[in-house]
Amino acid sequence: MAAVNAIKNGLALVLVCFLLTSCGFHLKKASSLPDDLKQLTLVGDDEKSALFSAVKSELLASGVTLVAPSKTAAQLYVFKEQLERQTLSLFQNGQVAEYELTYSVSYALNRPNGKAIEKRFELYRNYQDDPDHALAKAKELELLISEIRLQASRRIARELSQL
């Protein structure tokens, strides 16, 4: 009986693996950048910001070598991030119940033999507020913003790989 269950489980595992590979599924990895972007100078408005650090980490994971400014290396300039909060709904007593967060990121890529490319994008998240649990909601907001920054850094690396 145990041998039959082991065979069934093994066959089920093989079937799942076969289905995943046949549909084209593969694990997500760091983006592969073009050869002229393998050496890059990274600068920004605020080089100590969390977004700048996340972009730097994502570029390093993508195999980019960060170099000092030169005429032969492309330059990626990360502008200061912007976070705006807009009220979506209110409780009956007039306190804010839900916010929409708009996280704006812009950057410019200057290639040595090409013209500058400027990109800008926005990421949106809804955030529910609860004045009775202010400390927990503040921590949740911090986590949400750090996740948005990570997503923004991945998007920058992905967009660079498509140039």
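A short reminder: the numbers here are calculations on the coordinates, not readings from a lab. Quick caveat: nothing in here was measured; it's all calculated off a predicted structure. Cβ atoms come from the backbone with ideal geometry, glycine included; neighbour counts cover every protein chain shown.
For segment 58-95, which trypsin sites (Lys or Arg not before Pro) are in a loop by DSSP, counting at most 11 other Cβ atoms within 10 Å?
Within segment 58-95, the qualifying trypsin sites (Lys or Arg not before Pro) (loop, at most 11 other Cβ atoms within 10 Å) are Lys71.
Determine the shape class of segment 1-152: with a ≥ b ≥ c the square roots of the Cα gyration tensor eigenvalues, call it rounded for a/c under 1.5, and otherwise prolate if a/b is greater than b/c, oblate otherwise.
It is oblate, given that a/c is not under 1.5 and a/b is not larger than b/c.
Which part of segment 83-127 falls in the paramagnetic zone of Gln151, meaning amide N under 14 Å from the point 7 Å along Cα-to-beta-carbon?
Residues passing the 14 Å test: 84, 100-105, 121-127.
Taking R0 as 22 Å, what FRET efficiency do you get between Asp36 and Ser57 from their Cβ-Cβ distance, rounded to the nearest 0.05?
The value I calculate is 0.55.
What's the extension gain from Glu84 to Glu122 if we count 0.36 nm per residue and subtract their Cα-Cα distance?
12.6 nm
Counting only DSSP beta bridges with both residues in the chain, tell me the antiparallel percent, nearest 5.
Roughly 75 percent of the DSSP beta bridges within the chain come out antiparallel.
Starting from the 7 Å offset along Cα-to-Cβ, what nm value, one decimal, do you get for the label separation of Phe91 and Tyr77?
4.6 nm
List the chymotrypsin sites (Phe, Trp or Tyr not before Pro) in segment 54-163 that DSSP assigns to loop (not H, G, I, E or B) and whose Cβ has at most 12 other Cβ atoms within 10 Å. Which are they?
Taking segment 54-163 and a limit of 12 other Cβ atoms within 10 Å, the loop chymotrypsin sites (Phe, Trp or Tyr not before Pro) found are Phe91.
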